[in-house]
Amino acid sequence: MKRISHQDIAREANVSRVTVSLVLSGKDQTSEETRKRVMDVARRLRYRPNLLVHGLQTGRTHTIGVIMPASMHFHGQVARGIHDELVQRDFVPIQLWTNPSTDTKATELEQIHRLVDRRVDGVIIWPADVSVPDVHFHEIWERHVPLVTVDRETATQADHVGTDEELGGRLVARHLLSLGHRRVAHVSFPRRTASILRRGEAFSQTIAAGGGTSELVTASEADMVCVMKELLCRSEPPTAIFGAIDPFAMKAYIAAHECGLKIPQDLSVAGYADFPFAQDLVPSLTTVRQDPYQMGRIAAKTMLDHILDRKGSEEPRRTHLAPMLIVRNSTGPVPG
């Protein structure tokens, strides 16, 4: 199909090319009759604007780079929130993936370069490694490209949108304490990111303040069942287990079953994140619900505030959404 130009529309509408350009950009000062004639011709010819040319003229591409894993429901919800907010404001996300279990800092930098080379107006990133120093993101900042991180908070000066992890850890601890549990375990990753570290520390501190003890147990997801079976076979096993994420809590179900323990009669189990499977487990899983969709929308709004000069301050903006404890059937009173 032939690419329709402003000159084609001008010829059909019997007006100048300048008039067509002004009408299509919404800056025309012509009569309503002329404006309507130009728009009617543009629709009949199925004209579509060339945004590449528009980007060269204005210095703005109306595209936002998004670097986000695609491995979990949580990431998908964050990406959906970013998409919905940006598209509503006539911006388009360009999403690239990273795999936090295999990709390196160099891979993440390659993705950053791909976006910068395409002149995106900003970058929203879920950092693959929270230890990434500021210099890693200079590729973005030195080009005056706004940057927002989501979920994983880094040491950089970027704006950030995430969850109040300390509150999430305290909610689980208070719930277990209220049920009489004083000997609990927190199962987590061997290498904990800042967000998981903060929720775990808040959990153990709250348990200690309530007169209990919390043991940190770390293992890979592949080894988690074996590690928890050893934990539950002790002479004085924990009466409750808090998984750093819901999949770890699900591993506790398997370990408990293989040890002949019933949930929650013999062992209470709580998770974090409220994955879709949490309510379908038997018994349904008590967990902490985050709001990844809203996290994505706020990240996109924060980005647009930068681009549209609505931020009002150069100081980094930190937004932490309050999580919610969802009490289901996997937690109960401490065994007698």
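The values are calculated or read from the model by the stated rules, or taken from the named source; none is laboratory data. Being a predicted model, the structure only gives us computed values, none of them experimental. Virtual Cβ from ideal backbone geometry, glycine too; neighbours counted across all protein chains shown.
Only a single item in (1) surrounded by 17 or more Cβ atoms within 10 Å (Cβ to Cβ); (2) at pLDDT 90 or above; (3) in a helix (DSSP H, G or I) is not met by R174, and it is number (1). Checking each residue in the range 190-201 for being buried (at least 17 other Cβ atoms within 10 Å of the Cβ) and in contact with a strand residue (DSSP E or B) (Cβ under 7 Å, 6 or more places away or on another chain) picks out S195, I196, G200. Taking the range 42-117 and the helices (runs of 4 or more DSSP H) fully enclosed by it, the elements with 3 or more residues that are under 23 Å from V161 (Cα atoms) and at pLDDT 90 or above are at 73-88. V187 meets all of the listed conditions (1) surrounded by fewer than 18 Cβ atoms within 10 Å (Cβ to Cβ); (2) part of a strand (DSSP E or B) but one, namely (1).
Please specify each residue of the range 10-25 satisfying the condition of being buried (at least 17 other Cβ atoms within 10 Å of the Cβ) and part of a loop (DSSP other than H, G, I, E, B). Selection gives V15 alone. The number of residues in the range 225-247 that are surrounded by fewer than 24 Cβ atoms within 10 Å (Cβ to Cβ) and touching a residue at least 60 places away in the same chain (Cβ under 8 Å) comes to 1.
Selection over the range 215-267 of residues that are of a type in the set (S, T, Y) and over 32 Å from the mean Cα position of the chain (by Cα) gives a count of 2. Among the residues of the range 316-330, is any assigned to a loop (DSSP other than H, G, I, E, B), small (G, A, S) and at pLDDT 95 or above? Scanning the range 316-330, I find at least one residue that is assigned to a loop (DSSP other than H, G, I, E, B), small (G, A, S) and at pLDDT 95 or above, so the answer is yes.
For beta carbons closer than 6 Å, sequence separation of 6+ or different chains, a first residue in the range 41-68 that is of a type in the set (D, E, K, R) and a second that is at pLDDT 65 or above, the qualifying pairs are R60/D121. Against the conditions (1) over 16 Å from H186 (Cα atoms); (2) surrounded by 21 or more Cβ atoms within 10 Å (Cβ to Cβ), K301 satisfies every one except (2). May I ask you to verify whether P316 is in contact with a His (Cβ under 8 Å, 6 or more places away or on another chain), closer than 21 Å to A194 by Cα and surrounded by fewer than 17 Cβ atoms within 10 Å (Cβ to Cβ)? Spelling it out, P316 is indeed in contact with a His (Cβ under 8 Å, 6 or more places away or on another chain), closer than 21 Å to A194 by Cα and surrounded by fewer than 17 Cβ atoms within 10 Å (Cβ to Cβ).
Being surrounded by 21 or more Cβ atoms within 10 Å (Cβ to Cβ) and either closer than 25 Å to V66 by Cβ or modelled with pLDDT of 95 or more (or both) is a property that G168 has. The strands (runs of 3 or more DSSP E) falling completely within the range 209-313 that include 1 or more residues that are at negative phi and touching a His at 6+ places or on another chain (Cβ under 9 Å) map to 213-218, 240-243, 268-270.
A count restricted to the range 248-287 and to residues that are among the hydroxyl-bearing types (S, T, Y) and surrounded by fewer than 24 Cβ atoms within 10 Å (Cβ to Cβ) stands at 2.
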